[in-house]
Every structure is written in C-alpha cells, then in structure tokens.
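Here, each number is a calculation from the coordinates, and none is a lab measurement. Predicted model only: the values in this text are computed from it and were never measured. Heads up, the Cβs are rebuilt from the backbone with ideal geometry, glycines too, and the neighbour counts pull from every protein chain shown.
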C-alpha cells in the first residue's frame, strides 16, 4: 500500500538527483524536486551523460551546448540551480565499466553527503530499453552500500572524504514494480510543465521519434506534427498534465508523481520500533 508523502522542511539537508540525461529529472520527478527546493532542501542534479546525440538536425557541439543550457533553464523553473556533470558519452553507457561508474557515484555520496538520492529504479518494470538508465540505476543502488565501507576506494579518504550512508532512496521508472509513495504536485504542476517543455531539443527529438513510428505504422498525428517545428507547450503540456492526473487518480490526488522509496536500508520497521531522538 502506498502512502501520500508530505515534503518536510529541508533543514540544510541535501538531495542528489542522478539523471542519465538532461530531461530525466524534470520528466520523472520535476514536481517533487520543486517541492523539495521550496521547502529548503539543497537539490543537486548529477547529469551522467553529455546528451550529445539528443537532437534532430543540430550539430553535435551545438547539441551539447543547447541541451546543457536548456537543462539549467528548465531546472530553474523547479528552483534547482546546482549541477554536477560526469560527461559520459550519451547512449553508450552500456560500454562503460560498472566499477568505474560506481566509484564516481560513491565519491559523490562521500563528497555531498546526501540525506536522499533520486534515480531510475534498477528493478523498473517493462518498457525500459535504455541502457543509460539501467547502468546509472544499478550504480546508484549498489553505491548505497559500498559508500559506507572504509575499504571501498580508500583513495577517497586521502582527499579528506569519509564513508557516508544515504538515508532515503527515491526510485522512479516508466513503470515501477512497487509504488510505495505518492507526492501531490498539484501546486507546482505548471512549473513541471514549463520545465519539461524547456528541454526543447530533447522534446523535439522525442516528437520526431513519435512521428517516425507513426509513419511506419501508417498513422497521421496532426497535433504531434504541429509540435515538431511549432510551439511545444500544447503537446508537452497535455502529456505532462494528463500523465500527472492519471497518477493522481490512482492515489486520490489531483496531480501526482509516484516512487519506490527505501528508507534506512529497507529497515524502516526496525527504525520505527527502536527510534530514539538523538
């Protein structure tokens, strides 16, 4: 059974958001990130790849530049202004060493010492054919454990870092195997719409992909055709609003996002039984 999460005051705590691509944070958790930022949390987005290929008809270097600047502008709608760039080539993370990627995540845990992390769910159901999503999800998940050990990457300690334990992991996916938590994003829905539409190159590439599939299937999609070169907001706004409304309906809310949240290493019941204020 899922619960309705009320975003608590940040009280100086940090959230790391691991986004394989520029638009992932906005699409899957934009409303929740806006609520966290509004509540005083320090929200830091870690973009893992350079998004060099996420455009149509735009040269590679210009694609990197525009996707980066549009990510910053989009996240500004959500109140997020801090970013870490890992700089991997997009769409080929499947070729990257899992040990290397995990080490970089561990270092970020120890450097930023987050209370919570957001990421794709390594156990998301169906419809997930993007290896960038998988590789980041598994690295973030395993680093939760290994960042706590004093024998994993001791070279970090030479740089003044220390082992660190993340308290909460918020997982999103195209379809979650288990939904534990829903967040009411009704008050920030239009900011999420503005953020998603603000990833203009990424969204036009998505529109182009939809039209290619429609062409193969012998379909005509006039509303999507208009979005290819015209205003994006009518189409993107409809997709974000209708998707958020469908999620909200499942939880008795107006508009919502949903997650699989793991607290205290999955031992939340023990925490509630034995917790004593420090």
Full extension from residue 104 to residue 149: what is 0.36 nm times the residue separation minus their Cα-Cα distance, to one decimal in nm?
-> 14.7 nm
Considering only DSSP beta bridges with both partners in the chain, what is the antiparallel share in %, to the nearest 5?
-> 30 percent
Stretched fully, the stretch from residue 131 through residue 62 gains (0.36 nm per residue minus C-alpha distance, one decimal, in nm) 22.4 nm
The stretch 3-267, relative contact order [Cα under 8 Å, separation at least 6], % = 24 percent
Subtracting the Cα-Cα distance of residue 224 and residue 97 from 0.36 nm times their residue separation yields 41.9 nm
Please give the FRET efficiency for residue 216 paired with residue 14, using the beta carbon to beta carbon distance and R0 = 45 Å, rounded to the nearest 0.05.
-> 0.50
Report the semi-axes of the equivalent ellipsoid for the chain in whole Å, largest first, where each axis is √(5λ) for an eigenvalue λ of the Cα gyration tensor.
-> 31, 23, 17
Name the residue, out of 228, 93, 36, whose mean-square fluctuation peaks in a Gaussian network model built on the chain with Cα pairs under 10 Å.
-> 228
Neighbour-count order for 244, 97, fewest beta carbons within 10 angstrom listed first = 97, 244
What residue among 139, 214, 246 shows peak mean-square fluctuation when the chain is described by a Gaussian network model with Cα springs under 10 Å?
-> 214
In whole angstrom, the spacing between the Cα centers of the stretch 56-106 and the stretch 118-190 equals 16 Å
Based on the mean of other beta carbon atoms within 10 Å per residue, what is the order of 126-135, 162-171, 193-202, most packed first?
-> 193-202, 162-171, 126-135
